Amino acid sequence: MADEKDRLGDKLRQKEKAEEDRFFAERDKALLEKIRREQTAAAAKLAPREPLCPKDGSRLTTIEHHGVMVEQCPTCQGMWLDAGELEKIAARERDSWLGRLFFRPRDR
């Protein structure tokens with residue numbers, strides 16, 4: 001008889017432990033989701049409207065250079081190209097080294 005009491009007590013303790021674990025898991029999940037939302041909102045507020053120079057961290061200004069809009073750093077005078085902008089410049093310069101780099105015949 002004492003054996004049956006112990007088994008029932010063990011099962012009750014296991015059930016309480018499982019409910020406690022489930023409670024904390026749900027609470028942790030809700031807290032993590034809240035932190036993610038706050039971080040996303042904070043990142044959106046802090047995200048710069050203009051790109052920053054990778055070299056010195058200054059704000060880049062957009063200028064037109066040979067018909068292509070590029071970003072230029074006002075302090076270091078570096079020019080930064082987005083995807084496809086170098087190819088646009090190279091297409092006009094087929095006879096230069098840049099054009100030959102992009103438009104050389106492919107070896108088969």
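The values are calculated or read from the model by the stated rules, or taken from the named source; none is laboratory data. Computed from a prediction, not measured in an experiment: that's the story for all the values here. We place every Cβ from the backbone using ideal geometry, glycine too, and count neighbours over all the protein chains shown.
Test residue 64 against the criterion of being exposed (fewer than 11 other Cβ atoms within 10 Å of the Cβ) and modelled with pLDDT of 85 or more, and give yes or no.
Details: exposed (fewer than 11 other Cβ atoms within 10 Å of the Cβ): yes; modelled with pLDDT of 85 or more: yes.
Here the answer is yes, as residue 64 does meet what is asked.
Answer yes or no as to whether residue 71 is on the phi < 0 side of the Ramachandran plot, modelled with pLDDT of 85 or more and loosely packed, with under 10 Cβ neighbours inside 10 Å. Explain how you work it out, then say what you get.
Details: on the phi < 0 side of the Ramachandran plot: yes; modelled with pLDDT of 85 or more: yes; loosely packed, with under 10 Cβ neighbours inside 10 Å: no.
Answer is no for this residue.
Among all residue pairs at least 6 apart or on different chains, which show Cβ distances below 7 Å where the first residue, located in region 40-61, is in the same structural domain as residue 81 (by TED's automatic domain parsing) and aromatic (Phe, Trp, Tyr) and the second is part of a loop (DSSP other than H, G, I, E, B) and modelled with pLDDT of 80 or more?
Filtered contacts from region 40-61: no entries.
Can you say whether residue 30 is hydrophobic (A, V, I, L, M, F, W, C) and at pLDDT below 85, as far as the supplied structure shows?
Values: hydrophobic (A, V, I, L, M, F, W, C): yes; at pLDDT below 85: no.
Taking the combined requirement at face value, the residue does not satisfy it.
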